[in-house]
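K.L.:
This is the structure I want to talk about, given as structure tokens.
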Amino acid sequence: MAAYIVRRLVWVIVVLLAVTMITFAIFYLLPTGDPAVRFAGKSPTPQVLEEVRRQFGLDKPWYAQYWHFLSDLTTGDKYGWPGLGFSFDTRIPVREELLERAPRTLSLAFGAAIVWLTLGVTIGIVSALRRGTLLDRAAMGFALFGVSAPVFWLGLMALWLFAETGGGPDWLHFLPGTGYVPFSESPSEWFTHLIMPWVVLALLYAAFYARMTRGNLLETMGEDYIRTARAKGLTERRVVFKHGLRASLTPIVTMFGMDIALLVGGAVITETVFNIQGLGAWAVRATFNQDLPAVVAVVVVSAFAVAIMNLLVDIVYAWLDPRVRYQ
Amino acid sequence: MRHWRALAIVVVALGLAVGAAACGGDDGGEATPDTTATEPATTGEEPATTEEEPATTEEEPSPEGPQAGGTYRVDWEETFGFTGGFDPVGEYLGEAFGIQSGLLVRTLIGYRHTAGSAGNELIPDLATDLGTISDDGLTYTYTLKDGIKFGPPLSREITSQDVAYAFERIGTESLVAQYGFYYTVIEGMSEFMAGEADTISGITTPDDKTIAFKLTAPTGDFPFRLAMPAAGPAPREVAGCFTEAGAYGRYLISSGPYMFEGSDALDASSCDTLEPIAGFDPNTSMTLVRNPDYDPATDTPEARENFVDRFEFKINSNPDDIFNKIKAGEIEDAVASEPPKVIREYTENEELTPLLHINAGDRTWYITLNLTQPPFDDIHVRKAANLVMDKEGLRRAWGGPTAGEIATHIIPDAMLNETLADYDPYPSEGYAGDVAAAMEEMKLSKYDTDKDGICDAPECKDVLYVTEADRLRQDMQPPTSASFEKIGITLKVRSVEGAYPVIQDVSKNVPASGRPGWGKDYADASTFMVLFDSRSTLPTGNINYSLVGLTPEQAAKVKASGTVEGIPSVDADIDACNVIPVGDERVQCWADLDKKLMEEVVPWIPYLDATATQITGPTVTKWDFDQFSGTIAYAHVAVAQ
């Protein structure tokens, strides 16, 4: 197992190299113009443009810049380790910006994940065990709604209903509106500011998870070994939770790993609607603004998250399913 | 039966969704923020959406009058959009000018920070008066007032050397002064910029209170240039620690009535001990508090009243939320594009109308025509295009009259003292375009071979037209294309995210674009004429989109192809106006050049003199517009206590 993990970690590095190289290549092969122009003022002189290119390192070929990036990433730059340079847009170290934004996105992603796992898996189990009942239909109706409703719409509706500045009934306005308060500043404010984004983001995923849990559990509960377990006289609770649910969770774990990893750089709409100023919104703005260091930083973090979560998923697989063994 | 039940569930769910969407319509929607405000020369461009003409309100004092104290909270949509990390030498957009000029950086001469022509006039700020100009117009001398200090942690008197040092910073290549070209007229500045001199020979400081500038040529608008924030005093002991563009922005030492919160905690004992001031995080917020070293006696209330105790600027990515907060009184103001429904609400609801402020933006929006590219290399085609263009249709796309006046020439009327207010060389009924006159003009073109008023040459088919991939430009496209088609020109429209870099690349030879707009740097028409100065033409980052005055030699350098012979130049006219001192004669010179451009060169189809629209909250007891920066006059706002 240890050798397997080491091998996978080596692959993580390979993946990161490939992804960052592709990002660099795209930046240079599909440019919408000279990035230096954007940062040299509205009527730049050739000297100013040249100086901006020099400061941004854009005066070198892309492979030289890439090498410089790799070198700084591994050994650090004047702003610390890992060296990610400075943002063309804000002129502050990308590392500093990343460290400020990452907790926001992680708070959002993991909080939402807890909500959608709890909600989705619970609804899925109840729905599977009460198949065909009103409860099952209501649960699947919820799932349909969750899957159908766009996140931005849900977000705006939630703000309208529950935020202090919302336009809905006054008695429902018990939550602060948009924004983010660091946990270190005020745990309660952190929590109340994140409830709405958590629930809104979780609804979509919970719907998927509920449908998937229900389907998997129904399928598993029809397996021979479940019948055997029942024949052995195990309680229904034990049959469901120890034998049925555990086996049906494997695909859920796969999906969860990917979902949470993708949210690290991809919760753009939720971050925008709720003004969370996380990594996703930053990545989008940086892309539009041709802010290469910021784009690469988010790409590195996102790719790292995906690779690591994949590894964790594989490890959890082995724990969930005794038949899985890694060499 | 089972299917019917399933269908019923689907119908109910969809019904709920649609119903909820309808409820959300009043408050939701519009989740995609516009990002154009960070692009060159494009701030404050977003359209309004009503046909009604609301009352213009410049300030709305409460019955009790404005009171000192309180916090003025402003949300910024998406980003601060600073161009140079907030270092004054690198900031080149109105939003930064507004904060720096009004609150943080005093200059030798400055502005009243008020609306209208009064806001465009210069008044003394650091200096005791508007300065002395030598008879030959080459030397400007200023004396600093007593008692003006830098804020914490320096808290020391500002001297003429601090002002001189600001020009050294402008001339330091690595700091990337974005409008450093305004100061190359100072003797020795070019040599300093090139690293050929250690000092700027044309700037002398005979004592701590006196500073003199010697110019290489008479430059009538030089006082305006001294009023730009980059020319404000900079303390060498702090600013000198930073040698890269934008780095000083987080350590900015105030010379104005406010400062970054936490400035007093800055350890300026050496460069090594400096840490970014807590009150400014470029990602999220900026907080300003009163500068304890500011002495109101050295200033004047007409320039700065400084009612509020504190300014809080925060980034908010949700424009709906921003305007909900303003309406609810949770914040006072915004630097954001008002969603169309918000403008509609504030123009239609009488209770809210006083909170909508519309002022002249001193900004012209136009369709640029490339003089090297067929069919626009023919002046008759350019004139016909001007005649046929449905400018009212374009203004409708912007939201109607609230968006501004129809532009009939290049320089905004307010900057020409209304000299050309009635001038329209290409008139049409209701600004809808005069097809008959356009066809008559087209008959004179070489591209109308059968002289029927319709362009029949292949050069008029599928003419590349680059524009922005946003809603506004999509709305502009039907009237634009329809107008061109009336004279036989069909457009091949390319909508791109970030059209500016495309049209600023000369080698792309873009024949026409509906993307550009241009706003003044200061209230002198020279800041518009840089767009037609052939000497400023660059291969990339070029702003002379029409390539006015391009010579064949230049064309080869900047990789322009097409018709590069015989392009008219106005360089000499620009030079002639530039030497005239600020005043009526200078204004008339620019007005005449504007007419020459519109009639003899025809590089643009100007269509809109844009207004600047602002919505304030109910807690605001005094509000004004800063005509210089084209944004909130922070130095004059007040809030209810």
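K.L.:
Could you grab me the full set of residues in segment B:132-141 that are assigned to a loop (DSSP other than H, G, I, E, B) and open to solvent by less than 30 Å² (accessible area, probe 1.4 Å)? Outline the logic, then answer.
P.N.:
First pass over segment B:132-141, keeping only residues assigned to a loop (DSSP other than H, G, I, E, B): B:134-138.
Within segment B:132-141, B:Gly137 is the sole residue that qualifies.
A quick yes/no check of all residues on (1) over 30 Å from A:Val300 (Cβ atoms); (2) in contact with a helix residue (DSSP H, G or I) (Cβ under 8 Å, 6 or more places away or on another chain); (3) surrounded by fewer than 21 Cβ atoms within 10 Å (Cβ to Cβ):
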residue	(1), (2), (3)
A:Leu218	yes, yes, yes
A:Arg230	yes, yes, yes
A:Thr235	yes, no, yes
A:Val239	yes, yes, yes
A:Arg246	yes, yes, yes
A:Ala261	no, yes, no
A:Gly266	no, yes, yes
A:Gly278	no, yes, no
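K.L.:
Something else now. Working carefully through the options B:Phe86, B:Phe97, find the one that is within 14 Å of chain A (Cβ to nearest Cβ), in a loop (DSSP other than H, G, I, E, B) and closer than 21 Å to B:Pro257 by Cβ.
P.N.:
Values: B:Phe97 fails: in a loop (DSSP other than H, G, I, E, B).
After applying the criteria, what remains is B:Phe86.
K.L.:
I'm told B:Trp518 meets every condition in (1) within 22 Å of the chain's Cα centre (by Cα); (2) surrounded by fewer than 19 Cβ atoms within 10 Å (Cβ to Cβ) except one. Can you identify the failing condition by its number?
P.N.:
The number of the failed condition is (2).
K.L.:
Has segment B:523-543 got at least one residue that is at pLDDT below 95, surrounded by fewer than 23 Cβ atoms within 10 Å (Cβ to Cβ) and over 30 Å from B:Arg586 (Cα atoms)?
P.N.:
Within segment B:523-543, one or more residues are at pLDDT below 95, surrounded by fewer than 23 Cβ atoms within 10 Å (Cβ to Cβ) and over 30 Å from B:Arg586 (Cα atoms).
K.L.:
Give the residues of segment A:70-84 that are under 25 Å from the mean Cα position of the chain (by Cα) and open to solvent by 20 Å² or more (accessible area, probe 1.4 Å), sorted by residue number.
P.N.:
Quick first cut of segment A:70-84, residues under 25 Å from the mean Cα position of the chain (by Cα) only: A:70, A:73-74, A:81-84.
Once the filter is applied, which keeps residues that are under 25 Å from the mean Cα position of the chain (by Cα) and open to solvent by 20 Å² or more (accessible area, probe 1.4 Å), segment A:70-84 yields A:Leu70, A:Leu73, A:Thr74, A:Trp81, A:Pro82.
K.L.:
For B:Thr205, only one of the following conditions fails: (1) modelled with pLDDT under 95; (2) polar (S, T, N, Q); (3) in a strand (DSSP E or B). What is its number?
P.N.:
(1)
K.L.:
Which one is surrounded by the fewest Cβ atoms within 10 Å (Cβ to Cβ) among residues in segment B:100-121 that are touching a helix residue (DSSP H, G or I) at 6+ places or on another chain (Cβ under 8 Å), assigned to a loop (DSSP other than H, G, I, E, B) and modelled with pLDDT of 95 or more?
P.N.:
Going through the qualifying residues, I end up with B:Thr114.
K.L.:
Still on this structure, I have one more. Condition first: open to solvent by 30 Å² or more (accessible area, probe 1.4 Å) and within 32 Å of the chain's Cα centre (by Cα). Now tell me which residues in segment B:205-231 satisfy that. Spell out the reasoning first.
P.N.:
Here is the first cut: in segment B:205-231, the ones open to solvent by 30 Å² or more (accessible area, probe 1.4 Å) are B:205-209, B:214, B:216-218.
Once the filter is applied, which keeps residues that are open to solvent by 30 Å² or more (accessible area, probe 1.4 Å) and within 32 Å of the chain's Cα centre (by Cα), segment B:205-231 yields B:Lys214, B:Thr216, B:Ala217, B:Pro218.
K.L.:
Only one residue in B:Gly256, B:Gly329, B:Gly249 is within 14 Å of chain A (Cβ to nearest Cβ) and open to solvent by less than 10 Å² (accessible area, probe 1.4 Å), so which one is that?
P.N.:
On the way: B:Gly256 fails: within 14 Å of chain A (Cβ to nearest Cβ); B:Gly329 fails: open to solvent by less than 10 Å² (accessible area, probe 1.4 Å).
After ruling out the rest, the residue left standing is B:Gly249.
K.L.:
Hey, among A:Leu134, A:Leu117, which residue is open to solvent by 20 Å² or more (accessible area, probe 1.4 Å) and away from every other protein chain (no Cβ under 14 Å)? Outline the logic, then answer.
P.N.:
Working: A:Leu134 fails: away from every other protein chain (no Cβ under 14 Å).
The unique qualifying residue is A:Leu117.
K.L.:
What tally of residues in segment B:184-204 results from selecting those that are without any contact (Cβ under 8 Å) to a residue 12 or more places away in the chain, of a type in the set (A, V, I, L, M) and either buried (at least 17 other Cβ atoms within 10 Å of the Cβ) or within 14 Å of chain A (Cβ to nearest Cβ) (or both)?
P.N.:
Of the residues in that region, 1 qualify.
K.L.:
On the basis of being assigned to a helix (DSSP H, G or I), modelled with pLDDT of 90 or more and away from every other protein chain (no Cβ under 14 Å), does A:Phe191 make the cut? So that I can check it myself, show each step before the final result.
P.N.:
On the way: assigned to a helix (DSSP H, G or I): yes; modelled with pLDDT of 90 or more: yes; away from every other protein chain (no Cβ under 14 Å): yes.
For A:Phe191, the condition - assigned to a helix (DSSP H, G or I), modelled with pLDDT of 90 or more and away from every other protein chain (no Cβ under 14 Å) - is met.
K.L.:
Right, here's the next one. Identify, please: which residue in segment A:161-184 is surrounded by fewer than 22 Cβ atoms within 10 Å (Cβ to Cβ), touching a helix residue (DSSP H, G or I) at 6+ places or on another chain (Cβ under 9 Å) and among the aromatic types (Phe, Trp, Tyr) and is, among those, nearest to the other protein chains (Cβ to nearest Cβ)? Reasoning before the result, please.
P.N.:
Of all residues in segment A:161-184, those surrounded by fewer than 22 Cβ atoms within 10 Å (Cβ to Cβ) come to A:161-162, A:164, A:167-176, A:179, A:181-184.
This time we only want the ones that are touching a helix residue (DSSP H, G or I) at 6+ places or on another chain (Cβ under 9 Å), so: A:161-162, A:164, A:167-169, A:172-176, A:179, A:181-184.
Keeping just the survivors that are among the aromatic types (Phe, Trp, Tyr) gives A:162, A:174, A:183.
Numbers: A:Phe162: 12, A:Phe174: 15, A:Phe183: 16 Å.
Among residues in segment A:161-184 that are surrounded by fewer than 22 Cβ atoms within 10 Å (Cβ to Cβ), touching a helix residue (DSSP H, G or I) at 6+ places or on another chain (Cβ under 9 Å) and among the aromatic types (Phe, Trp, Tyr), the one nearest to the other protein chains (Cβ to nearest Cβ) is A:Phe162.
K.L.:
I would also like to ask the following. Inside segment B:475-490, can you point out the residues that are of a type outside the set (Val, Ile, Thr) and either part of a helix (DSSP H, G or I) or within 29 Å of the chain's Cα centre (by Cα) (or both)?
P.N.:
Pass one, segment B:475-490, residues of a type outside the set (Val, Ile, Thr): B:475-479, B:481-486, B:488.
Once the filter is applied, which keeps residues that are of a type outside the set (Val, Ile, Thr) and either part of a helix (DSSP H, G or I) or within 29 Å of the chain's Cα centre (by Cα) (or both), segment B:475-490 yields B:Asp475, B:Met476, B:Gln477, B:Pro478, B:Pro479, B:Ser481, B:Ala482, B:Ser483, B:Phe484, B:Glu485.
K.L.:
Go through (1) modelled with pLDDT of 90 or more; (2) part of a helix (DSSP H, G or I) and name the single condition A:Leu204 misses.
P.N.:
The single condition A:Leu204 does not satisfy is (1).
K.L.:
Still on this structure, I have one more. What tally of residues in segment B:154-183 results from selecting those that are assigned to a loop (DSSP other than H, G, I, E, B) and surrounded by fewer than 17 Cβ atoms within 10 Å (Cβ to Cβ)? Spell out the reasoning first.
P.N.:
Taking segment B:154-183 as the starting set, the residues that turn out to be assigned to a loop (DSSP other than H, G, I, E, B) are B:154-156, B:158-159, B:171-172, B:176-179.
The next check asks that each one be surrounded by fewer than 17 Cβ atoms within 10 Å (Cβ to Cβ); those that pass are B:155-156.
So the answer is 2.
K.L.:
With away from chain B (no Cβ under 14 Å) and at negative phi as the only criterion, which of A:Gly257, A:Gly233, A:Gly280 stands out?
P.N.:
On the way: A:Gly233 fails: at negative phi; A:Gly280 fails: away from chain B (no Cβ under 14 Å).
Step by step, each of A:Gly257, A:Gly233, A:Gly280 is checked, and only A:Gly257 is away from chain B (no Cβ under 14 Å) and at negative phi.
The values are calculated or read from the model by the stated rules, or taken from the named source; none is laboratory data. Everything quoted here is computed from the prediction, not taken from an experiment. Here Cβ is always computed from backbone atoms with ideal geometry, including for glycine, and neighbour counts include all displayed protein chains. For the accessible areas, the whole protein counts, side chains as well, though only heavy atoms, and no ligand, DNA or RNA atoms are used. Shrake-Rupley method; radii C 1.70, N 1.55, O 1.52, S 1.80 Å.
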